[in-house]
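First the structure, in the form of structure tokens, and then the observations on it.
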Amino acid sequence: MITFEEIEGRPNPQVLDKIADFFGSIFDDADLGKFYRRIEEAQNLFTLLAFSDGEIIGFKMGYQINSEKFYSWIGGVKSEFRKLGIAQELMNRQHSWCKKKGFKVVQTKTKNSFKPMLILNIKSGFDIIELQRNERNEIKIVLEKSLS
């Protein structure tokens, strides 16, 4: 059975380390230093976790950009649990929380190489609004969704 947990604010250090370990295990290019710095700087951080048998199998984190816009920053699902609707459920729960907190827009960024995430975002009502180059000169696709 898959269960979900919501964490408002910074997760406690033990949970944060488990999330960082999970993040590192699913992304080859995970920069854990940047991950921890972003957590420290984030305003109104919100984290969702998906569990199976007490182990993290998915997560989604985001934070406030301004009073109306929330940034869905990072997330992922363990490979053997993909295509089960977990990413969609995490997104739905995040957007529900955002609406309750008064946010009007959710923004996210992805790369073309993460096609399943790009497709999920578009199917979920996001629009591509911009292309950016990151510090590694990779193209990032910026998407936004109105929550109204």
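The table below gives the values:
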read-out	value
Theoretical gain in end-to-end length, S148 to R93 [0.36 nm per residue, Cα-Cα removed]	18.3 nm
Carbon plus sulfur fraction of accessible area for the chain, probe 1.4 Å, in percent	48 percent
Per residue solvent-accessible surface (Å²) - the range 66-133, probe of 1.4 Å	59 Å²
Average Cα contact separation per residue, the range 4-62, under 8 Å, 6 or more apart, as relative contact order %	42 percent
Of every Cα-Cα pair in the chain, the percent that sits beyond 27 Å	16 percent
Cα gyration tensor category, rounded, prolate or oblate, for the range 37-93 with a/c compared to 1.5	prolate
Computed over the range 50-99: relative contact order in percent, which uses C-alpha pairs under 8 Å that are six or more apart	32 percent
Prolate/oblate/rounded call for the range 102-148, Cα gyration tensor, a/c under 1.5 rounded	oblate
Three-way shape call for the range 1-53 based on the alpha-carbon gyration tensor, with the a/c threshold at 1.5	oblate
Heavy atoms of T108 accessible to a 1.4 Å probe, total area in Å² rounded to 10	10 Å²
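The values are calculated or read from the model by the stated rules, or taken from the named source; none is laboratory data. Treat the numbers as computed from the prediction; the structure is a model and nothing was measured. Accessible surface areas use protein heavy atoms only, side chains included; no ligands, DNA or RNA. Shrake-Rupley method; radii C 1.70, N 1.55, O 1.52, S 1.80 Å.
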